[in-house]
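Taken together, the values in this text are just the output of simple stated rules run on the coordinates, not laboratory data. Bear in mind the structure is a predicted one, so any value in this text is a computation, not a measurement. Here Cβ is always computed from backbone atoms with ideal geometry, including for glycine, and neighbour counts include all displayed protein chains.
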Amino acid sequence: MDNRHFLDLSDAGGDALAAMLNDAQDRKTARRGWPKGRGDADAPLKDHVLAMIFEKSSTRTRASFDIAIRQLGGSAMVMEGGSMQLGRGESIADTARVLSRMVDAIMIRTDDHAKVEEMAHHASVPVINGLTDKSHPCQIVADLLTIVEQGKALPGLELAWFGDGNNVLHSVLEAAGIFKFNVRIATPAGYEPESAFVEMARAGGATVTLTQDAQAAATDADVIVTDTWVSMGQENASEKLDAMQPYRVDDALMALAKTDALFLHCLPAHVGDEVSESVIEGPQSRVFDEAENRIHAQKSVLLWAFGKL
Ligand code: CP
Ligand code: NVA
């Protein structure tokens, strides 16, 4: 079997993603109340080692992949980009070929998406995208899990996104095309997502609305989502922060959504910027379920990558 790289959601496709969401829920339920270091009973990835390369900071991705592979019976090693020879100019191709002889899978978080593609091209083990400037597919598996476990069906769902048209939104759009949910995107002019992702969602049958009217986007939405206004590697420009002010998710915006609407944020949050304290700490917020679900989602991504789903 060719390597199952998980660079974006469409590498897996709808059937596999649906299977991943089911398996994640089953495994989450089966181990409820257990200590987090205890392995799942079936140890499906016993003896497997995952290398995790970080060229950008991480709390959730790093911890969740480490715990995920441990719970599946395997182990992980963390490699910080700056302390690798990669940081001194060793090529991605050689790094991929060397690590492929030493570990069973590679997860990489980096800036340029082309680096992840290059890694996958040269690796003979599965490569997983742990976030690039372009996309964050592992996050969206956790977000979909959070939505479905709250009893909301994905097809026809109305998801509203506020603020920056960034990497996380790109993966939301990819998921929308796969699962046929609709996305209203409220951004200032000039901060829209890349049009290729909008077109991908539309081609899959999703309705995507781009607007500068935050109130219109929020009205009757099922899920309200935002993310930092300044992603890792971006400049903290005052011009951008000024433009983002009308897109803060606050109580007035939440009040326009359905009464049972959920609030999601991949974290880390900048409270007072993209979201008010009252919303992120409020009764509709599921941000810590979403963070925990990174573990359960990452387990399903790993199982898929190893051909076990
Ligand atoms: N949401 C997310 O990917 O968090 P980290 O940057 O902490 O990994
Ligand atoms: N858009 C954010 C997500 C962080 C998890 C970033 O790229 O910094």
*Of all the strands (runs of 3 or more DSSP E) wholly in the stretch 26-124, which have at least 1 residues that are surrounded by 12 or more Cβ atoms within 10 Å (Cβ to Cβ), away from ligand 1 (no atom under 16 Å from the Cβ) and β-branched (Val, Ile, Thr)?*
49-54, 105-109
*What residue, of Gly177, Gly165, Gly233, Gly204, is within 16 Å of ligand 1 (Cβ to nearest atom) and not charged (D, E, K, R)?*
Gly233
*In this structure, does Gln139 turn out to be within 16 Å of ligand 2 (Cβ to nearest atom) and touching a residue at least 60 places away in the same chain (Cβ under 8 Å)?*
yes
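Report yes if some residue within the stretch 83-101 is away from ligand 2 (no atom under 15 Å from the Cβ) and either within 25 Å of Asn22 (Cβ to Cβ) or under 21 Å from the mean Cα position of the chain (by Cα) (or both); otherwise report no.
no
Here is a yes/no grid of residues against (1) touching a Gly at 6+ places or on another chain (Cβ under 6 Å); (2) within 19 Å of Ala291 (Cα to Cα):
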| site | (1), (2) |
| --- | --- |
| Leu157 | no, no |
| Ala160 | no, no |
| Asn167 | no, yes |
| Phe181 | no, no |
| Thr187 | yes, no |
| Glu192 | yes, no |
| Thr207 | no, no |
| Thr219 | no, no |
| Ser231 | no, yes |
_Every residue in the stretch 259-277 that is surrounded by fewer than 17 Cβ atoms within 10 Å (Cβ to Cβ) and more than 16 Å from Asp227 (Cα to Cα), please._
Thr259, Asp260
*Does Thr207 qualify as being within 16 Å of ligand 2 (Cβ to nearest atom) and either basic (Lys, Arg) or under 22 Å from the mean Cα position of the chain (by Cα) (or both)?*
no
_Test for Ala218: is it under 30 Å from Thr59 (Cβ atoms) and in contact (Cβ under 8 Å) with a residue 24 or more places away in the chain_ = yes
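State whether the residues of the stretch 147-162 include one that is within 14 Å of ligand 1 (Cβ to nearest atom) and closer than 26 Å to Ala214 by Cβ.
Restricting attention to the stretch 147-162, the residues satisfying the condition of being within 14 Å of ligand 1 (Cβ to nearest atom) are none.
No, because not a single residue in the stretch 147-162 is within 14 Å of ligand 1 (Cβ to nearest atom) and closer than 26 Å to Ala214 by Cβ.
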_Give me the residue from the stretch 220-242 that is in contact with a strand residue (DSSP E or B) (Cβ under 8 Å, 6 or more places away or on another chain) and of a type outside the set (A, V, I, L, M) and, out of that set, farthest from ligand 2 (Cβ to nearest atom)._
Asp220
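Every residue, every condition in (1) small (Gly, Ala, Ser); (2) within 16 Å of ligand 2 (Cβ to nearest atom); (3) touching a Lys or Arg at 6+ places or on another chain (Cβ under 7 Å); (4) more than 22 Å from Asn22 (Cα to Cα), yes or no:
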| position | (1), (2), (3), (4) |
| --- | --- |
| Val127 | no, no, no, yes |
| Gly130 | yes, yes, yes, no |
| Asp143 | no, yes, no, no |
| Ala160 | yes, no, yes, yes |
| Asp164 | no, yes, no, yes |
_Given the criterion in contact (Cβ under 8 Å) with a residue 12 or more places away in the chain, in a strand (DSSP E or B), within 30 Å of His113 (Cα to Cα) and in contact with an Asp or Glu (Cβ under 7 Å, 6 or more places away or on another chain), identify the matching residue among Leu303, Leu309, Leu264._
Leu264
